[in-house]
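Enquirer: Following this message is one structure expressed as structure tokens.
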Amino acid sequence: MEQVRFAVVGLRFGRSIVSQLQGNSFVRVVAVSDLDPAKAGEVASEYKCRTATLEELLADPEIDAIGLFTPPAGRSELIRKCIENGKAVMTTKPLERDPAAALEILRFARSRGVPVHLNAPSPLPCGELHRIDLWREQYALGRPVAVRWETYVHYREQPDGRWLDDPEMCPVAPVFRLGIYGISELIHLMGRPETVNVFSSRLFTGRPTPDNAELAIRFADGSLGSIFASFCVNDGHSYPSALTVHFQNGTVKKRQYGPAFAVPRAQFDRVELELDCVCDGKCIHETCTTSAEERSGAYQWRNFAEAVRCGSPLAGEISPEDVASGIAVIDAMRRAEKSGRPEPVEIPL
Ligand SMILES: NC(=O)c1ccc[n+]([C@@H]2O[C@H](COP(=O)([O-])OP(=O)(O)OC[C@H]3O[C@@H](n4cnc5c(N)ncnc54)[C@H](O)[C@@H]3O)[C@@H](O)[C@H]2O)c1
């Protein structure tokens, strides 16, 4: 497959994307852009590519796709410019802050045949969700009952005036910044979210936003979900993730280690899954591992390149409505943080 000629816009987190893409078989970074020209120049000289403004990139026929790694507020307007100029977009979680704007822009992208992908939710289910879907069908696990998801890291942050200090821009901060991957997974597993509530606290952070949080979600089918995300835990692992999902006839557990000094490399390169269920009156126990390259939250570069080349959605690609549901959960979470009460998830039509 021909490599996608890619320009990365927004070079704080985006810089790590430029680094990650060195040697990638599907996508080649040919240009970078940032409102701060010094930052752009530094990244361009380190990775041997050119700098340009967003407007120059949009007008450049040598660019197939834009990576938007700018802050989330109002991102759909930048995405619109890319679509109008025929440039595919890879961006990052969360797509937008406004669920209606997210839905509208994704529908617009589909109508123009321009791919807009992001890492969470990913266009196709990540490796572990794919395996859970297969088990669900193979062993008739039945309706989902409850799910718990967690992740954590050890940060001691100080305020710096960025969006991370603002509860409007970064609601329930640990969930918005880390637990957001769990929101996508829970919607995939449980379906339509209906009501959310949150608890949060500030244990060690110097920022005004919390560093320890729990999000609870009730789904339309009566199943229940919770997400724990924290910047307060130092057990030697960074960003490990764990999931326990109970179905009517079985339980699946996922464990993914984060980079940690105490764990051999091979162990955090994979995701471990375990199933216990009852099927046709027999107790079944299965385990398997999936590659961390396909893990939740990974950027699916091969799928992106395929979509850019074929100009139509991938078979089984997540719908604009499901992406917007996740953003509607975040919006309800923002309201719940302010009101201190459960809030309805208002999914746009
Ligand atoms: N693991 C992940 O996938 C991951 C990790 C960290 C952050 N993120 C996401 O990355 C996004 C950006 O986060 P951040 O912490 O880097 O934000 P930031 O505000 O610190 O940096 C954004 C950068 O984009 C530049 N920028 C803004 N608008 C621009 C424009 N129109 N043209 C060119 N450059 C522009 C700014 O100058 C700045 O350098 C957020 O959505 C965040 O959630 C993802």
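Enquirer: What is the P(r) of segment 266-316, as percent of Cα-Cα pairs per 5 Å bin from 0?
Expert: 5, 16, 15, 13, 14, 13, 12, 8, 4, 1
Enquirer: Show me the GluC sites (Glu not before Pro) within segment 1-77 that DSSP assigns to loop and that have at most 16 other Cβ atoms within 10 Å of their Cβ.
Expert: Values: sites: 2, 42, 46, 55, 56, 62, 77; in loops: 2, 62.
Counting only loop positions with at most 16 other Cβ atoms within 10 Å, the GluC sites (Glu not before Pro) in segment 1-77 are 2, 62.
Enquirer: Please compute P(r) over all alpha-carbon pairs of segment 204-349, binned at 10 Å starting from zero, and give each bin as a whole-number percent.
Expert: Result returned by the calculation: 9, 24, 34, 27, 5, 0.
Enquirer: Could you name the aspartates and glutamates in cross-link range of residue 338, using Cα to Cα under 12 Å and dropping any fewer than eight places away on the same chain?
Expert: 168
Enquirer: What are the ³J(HN,Hα) couplings of segment 33-49, residue after residue, when phi is run through the Karplus curve with 6.51, -1.76, 1.60 and θ = phi - 60°? Round to Hz, x for glycine and proline.
Expert: 8, 8, 4, 8, x, 5, 5, 5, x, 5, 5, 4, 6, 5, 10, 6, 9
Enquirer: Follow-up question, since we're still on this one. Which loop GluC sites (Glu not before Pro) in segment 159-203, with loop taken from DSSP, have no more than 12 other Cβ atoms within 10 angstrom of their Cβ? Don't jump to the answer; show the numbers that get you there.
Expert: Working: sites: 168, 185, 194; in loops: 168.
Passing sites in segment 159-203 are 168.
Enquirer: Along each principal axis of its Cα atoms, how long is the chain end to end? Whole angstroms, biggest number first, please.
Expert: 62, 47, 46
Enquirer: Taking the alpha-carbon set of segment 79-191, what are its Rg and Dmax in Å?
Expert: Expressed in Å, the Cα Rg and Dmax of segment 79-191 come to 17.1, 51.
Enquirer: Rank the residues 217, 17 as a footprinting-exposure proxy: fewest other Cβ atoms within 10 Å of their Cβ go first. Can you show the working numbers first?
Expert: Details: 217 25, 17 21.
Sorted ascending by nearby Cβ count, the order is 17, 217.
Enquirer: Give the Cα extents of segment 19-68 along the principal axes, in whole Å, largest first.
Expert: For segment 19-68, the Cα extents along the three principal axes come out at 28, 24, 16 Å.
Enquirer: Let me ask something else about it. Give me, ordered by chain and number, the residues 5 or more places off residue 118 or on other chains with an amide H under 5 Å from its own placed amide H.
Expert: 91
Enquirer: Counting other Cβ atoms within 10 Å, which trypsin sites (Lys or Arg not before Pro) in segment 42-130 have at most 15 and lie in a DSSP loop? Don't jump to the answer; show the numbers that get you there.
Expert: Details: sites: 48, 50, 75, 80, 81, 87, 97, 107, 110, 112; in loops: 48, 87, 97.
When the trypsin sites (Lys or Arg not before Pro) of segment 42-130 are filtered for loop state and at most 15 Cβ neighbours within 10 Å, 48 remain.
Enquirer: Show that you can apply the helix-only estimate: for the chain, add -39,500 (n - 2.57) for every DSSP H stretch of four or more residues, divide by all residues, and state [θ] at 222 nm to the nearest 500. Display every interim value, and only then the final one.
Expert: Values: 10 runs with 104 residues, N = 349.
The per-residue figure over the chain is -9000 deg cm²/dmol.
Enquirer: Go through segment 221-236 residue by residue and turn each phi into a ³J(HN,Hα) via Karplus (6.51, -1.76, 1.60, θ = phi - 60°); whole Hz please, and just put x for glycine and proline.
Expert: Values per residue, Gly and Pro as x: 8, x, 6, 10, x, 9, 10, 10, 9, 8, 9, 10, 9, 10, 10, x Hz.
Enquirer: Can you spot the lysines whose alpha carbon is less than 27 Å from residue 253's alpha carbon? Ignore those fewer than 8 places along the same chain.
Expert: 93, 282
Enquirer: Please report, largest first and rounded to whole Å, the three semi-axes of the ellipsoid equivalent to segment 138-192, where each semi-axis is the square root of five times an eigenvalue of the C-alpha gyration tensor.
Expert: Values: eigenvalues 208, 30, 9 Å².
Working from the Cα gyration tensor, I get semi-axes of 32, 12, 7 Å.
Enquirer: Turning to a different aspect of this structure: Let me know the Rg and Dmax you get for segment 177-232 when you use only its Cα atoms, in Å.
Expert: Gyration radius and largest Cα-Cα distance of segment 177-232: 12.5, 40 Å.
Enquirer: Highest first, please rank the peptides 133-142, 273-282 by the mean number of other Cβ atoms sitting within 10 Å of their residues. Each step should come with its number before you reach the end.
Expert: Working: 133-142: 15.5, 273-282: 13.9.
Most protected by this proxy first, the peptides run 133-142, 273-282.
Enquirer: Calculate the length of the line joining the C-alpha centroid of segment 109-155 to that of segment 186-219, in whole Å.
Expert: So the separation of the two Cα centres works out to 18 Å.
Enquirer: Taking other Cβ within 10 Å of each residue's Cβ, how do 319, 111 sort, fewest first? Intermediate values should be presented prior to the final figure.
Expert: On the way: 319 13, 111 9.
Going from least to most buried by this count: 111, 319.
Enquirer: Still on this structure, I have one more. Please list the non-local residues whose amide H lies under 5 Å from the amide H of residue 297, H modeled 1.01 Å from N, same-chain partners needing a gap of 5 or more.
Expert: Those lying under 5 Å, H to H, from residue 297 are 122.
Enquirer: What Kirkwood hydrodynamic radius do you get for segment 1-103 when you take the inverse of the mean 1/r over all pairs of distinct Cα atoms, in Å? Mind showing how you got there, number by number?
Expert: Numbers: mean 1/r = 0.0731 Å⁻¹.
Computed over segment 1-103, the radius equals 13.7 Å.
Enquirer: For segment 4-15, take each phi angle, set θ = phi - 60°, evaluate the Karplus expression 6.51 cos²θ - 1.76 cosθ + 1.60, and give the result in whole Hz per residue in order, putting x for glycine and proline.
Expert: Working through the residues one at a time gives 6, 8, 10, 10, 9, 10, x, 10, 7, 5, x, 4 Hz.
Enquirer: Most exposed first by the Cβ proxy, i.e. fewest other Cβ within 10 Å, how do 90, 1 rank? Each step should come with its number before you reach the end.
Expert: Values: 90 27, 1 10.
So the residues, fewest neighbours to most, are 1, 90.
Every read-out reported here was derived from the displayed coordinates using simple, explicitly stated rules and does not represent laboratory data. Here the structure is a predicted model, which is why all the values come from computation and not from measurement. Note that we place each Cβ from the backbone using ideal geometry, even for glycine, and neighbour counts take in every protein chain shown.
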